[in-house]
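Read-outs: derived from the displayed coordinates by stated rules, not from any lab. Worth saying up front: this structure is predicted, and the values here are computed from it rather than measured. Note that we place each Cβ from the backbone using ideal geometry, even for glycine, and neighbour counts take in every protein chain shown.
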Amino acid sequence: MNETKPNTLLRRSAPNTDRDIQPFWDNVANRQLSVMRCKTCGAYYWPASYCRNHDNEPFLGNMEWVPASGKGTVFAFNVHHWAFDAALKEQVPYVYALIELEEGPLIGSNVIDCDPSEVRVGLAVEVTFREFAAADGDVFTLHQFVPAGTQSTAS
Amino acid sequence: MTKFADQYAIVGLGSVIGPHPEVSGRAMQAEAARLAIEDAGLVPSDIDGALDLKRQGGGGDRPGYTDSFARMLGLPVNFYYSIGRGGSIAGLGIATALGFLQAGLAKYVVCSNFVEDWSNSRKTRAEGKIGMAHTPRRGHYGTPFGDLRAVSHHSFFASRHMHEYGTTSEQLGAIAVAQRQWACMNPDARMYGRPITIEDHQASEMVVDPYHLLDLCQVSDGAVSFVLTTADRAEDTRSPVYLKGIGFGEAMASLWWEKRNYTELAVKPAKEAAFAHAGIELADIGHAQLYDCFTGEVLFQLEDYGWAEKGAGGEFVASGATAPGGSIPVNTSGGLLSAYHFGDLTGTLEAVTQLRKEAGDRQVDANYSLVSGHGGEILSPGMCSIHSTLIFGTKE
């Protein structure tokens, strides 16, 4: 995958990041989806949050990024028919969705490798990873979701 | 304790609607303020406070550094700054102004905004971009997944409501049709003279399924301004409209955490506070100017305020309840969907115009009007929005 030429990849904007979410994107770059977990009570969060269940240690000291199962269901979705940016013209229609992860939190992503008309609220999905290219040629990885059980081992 | 209602009033209103390419947005904003001050029967030297109502955050514009409408207009104010969150600018501006008036730090506060979204979107269209490409979204998690415009995440509201309650696109279309009927009685509305049917709504381009083009609001140029003062000062003005109640709610308080923020807006605390101030019931509201960036938001609010049962909003709007002649006229200017998008200033402008009985063909006589506002962060796992409620009325 690493030798893929940027010009064969789909164009997207690279993730907007900040110091709170950076560990999440570092994990995505290593093809791992992660959620934040409270070391004290085990509650899961996304994005970075102080635990709501009890007092917290300073600066989220009781919170840690841990691997997510990658399984979830479609919570809400839409199908983009308009390419709001010319760079996405070849990609419409695409499904943008909120995925309810098995651990509980919602996360935004795309549902791919299926006809958009097959996507339903409640559809079981699982994570996969794809590389995209930014306008400046930088290659980056995004988490994507496919209908559960349809993923080929080659992905 | 003094009753909240009738202590404060909007005494002057000014607006500049449509593109004015010969001047800057700031000058449009200053001109709207000049008109509002004149409408109040005041002169600029009476104004001692100014607020710039600006959509910071939530897909909004960033603060400017160059100049202000208040300096340009030569207002001898003791304070000037920007306030706003997404499309909730009038509500937050009024709450802020109340603090200065209450503390005796101001006698007359002028609030003004401007947008040049239509002109700006014409410029970015040449670069292959559609719609509001000019408002930066730094830090937004959804961008890499193609969440590029407000409709990208607002359509989740419709998706989720359809799933939970069986709401249909045709029912959302009824909202668009009703507001277009109102717009066709408002010569200032962008869509004046262009009536639509449900069939037109269904045949309009699918932008982001489930939203058709006619589920989306206008992108506008213009400026709206008002002067807020205390009741004793309002009495002598030509047509004061009193602030009867004000309230706010935030999705981040509970809805966001409970994953209910895509079927419900944070109306409850805002409504409770505003109606407690006003000392009235929902049935006393004669017309509602509900924040309508998309059709779905109108449906949610009709349910969340209690005009319709939760989940029954689709049937309610399909019955024509919000259209001319209906039980609760909604967005009587045409709203953001069919008239012009100045955030909740669109509703404020209309509520004051209606209560002054200056709404021409679309006049609906009423003692009370409700105006709502909406806006916030787009986390990608769900919007986290404020909801603001303003109740305006004539004096008892």
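Running a GNM on chain B with Cα contacts under 10 Å, which residue among B:GLY343, B:GLY314, B:GLY104 ends up with the highest mean-square fluctuation? Greatest mean-square fluctuation among the candidates belongs to B:GLY104.
Remark: the A:HIS81-A:ASN30 segment gains 15.3 nm on full extension, using 0.36 nm per residue and subtracting the alpha carbon distance. Projecting label points 7 angstrom from Cα along Cα→Cβ for B:ALA276 and B:LYS3 puts them 1.7 nm apart.
Relative to one another, the C-alpha centroids of segment B:206-264 and segment B:76-118 are positioned 14 Å apart. Per-residue ellipticity at 222 nm, computed for the protein assembly as shown from helices alone with -39500 (n - 2.57) per DSSP H run of at least four residues, works out to -7000 deg cm²/dmol. Tell me, what is the percent relative contact order of chain B, built from C-alpha pairs under 8 Å that lie six or more residues apart? The normalised contact order for chain B reaches 25 percent. Approximating the spin labels as points 7 Å out from Cα along Cα→Cβ, the A:SER69-to-A:LYS89 distance works out to 4.3 nm.
Computed from Cα atoms alone, the Kirkwood hydrodynamic radius reported for chain A is 16.7 Å. Residue by residue along B:201-208, Cβ atoms of other protein chains within 10 Å of the local Cβ number 3 on average.
In sequence order, segment B:255-263 has phi-based couplings of 4, 4, 5, 8, 6, 9, 6, 9, 10 Hz under the Karplus curve 6.51 cos²θ - 1.76 cosθ + 1.60, θ = phi - 60°, and Gly or Pro positions carry x.
Go ahead and set up a Gaussian network model of chain A, Cα springs under 10 Å, then flag whichever of A:VAL111, A:VAL92, A:VAL119 fluctuates most. It is A:VAL92. Restricting attention to segment B:72-169, which trypsin sites (Lys or Arg not before Pro) occupy a DSSP loop and are surrounded by at most 11 other Cβ atoms within 10 Å? In loop regions of segment B:72-169 (DSSP not H, G, I, E or B), the sparsely surrounded trypsin sites (Lys or Arg not before Pro) are B:ARG138. For the set B:LYS54/B:LYS129; A:LYS89/B:LYS129; B:LYS259/B:LYS310, the pairs lying more than 18 angstrom apart at their alpha carbons are B:LYS54/B:LYS129. The ranking of B:LYS259, B:LYS244, B:LYS395, B:LYS271 by Cβ neighbour count inside 10 Å, starting from the fewest, reads B:LYS395, B:LYS259, B:LYS271, B:LYS244. Taking the charge dipole of chain B about its Cα centre, with +1 at Lys and Arg Cβ atoms and -1 at Asp and Glu Cβ atoms, the residue from B:GLY91, B:THR66, B:LEU370 reaching farthest to the positive side is B:THR66.
The amide H of A:HIS81, built 1.01 Å from its N in the peptide plane, has B:VAL208, B:ASP209 as neighbours under 5 Å, considering only residues 5 or more places off or on other chains. Using a Gaussian network model of chain B in which every pair of alpha carbons under 10 angstrom is joined by a spring, one finds that among B:GLY347, B:GLY18, B:GLY245 the greatest mean-square fluctuation is at B:GLY18.
Placing a pseudo-label 7 Å from each Cα along the Cα-to-Cβ vector at A:ILE112 and B:LYS310 gives an inter-label distance of 3.7 nm. Scalar couplings 3J(HN,Hα) for segment B:220-225, obtained by applying the Karplus form with A = 6.51, B = -1.76, C = 1.60 to θ = phi - 60°, are 10, 10, x, 8, 10, 9 Hz; x denotes Gly and Pro. Segment A:83-131 and segment B:1-35 have Cα centres spaced 43 Å apart.
Mean separation of Cα pairs under 8 Å and 6 or more residues apart, divided by the residue count, gives segment B:259-367 a relative contact order of 28 percent. A simple rule links phi to the HN-Hα coupling: the Karplus curve 6.51 cos²θ - 1.76 cosθ + 1.60 with θ = phi - 60°, which for segment B:317-333 gives 6, 5, 7, x, 4, 9, 7, x, x, x, 6, 9, x, 10, 6, 6, 8 Hz, with x for Gly and Pro.
Considering only alpha-carbon pairs that sit under 8 angstrom and 6 or more positions apart, the relative contact order computed for chain A is 25 percent. The spacing between segment B:271-343 and segment B:138-199, judged by their C-alpha centroids, is 14 Å.
What's the average, rounded to a whole number, of partner chain beta-carbon atoms within 10 Å of each residue's beta-carbon in A:17-25?
Per residue, the average neighbour count from other chains is 1.
For the peptide A:85-97, the mean number of other protein chain Cβ atoms found within 10 angstrom of a residue's Cβ is 4.
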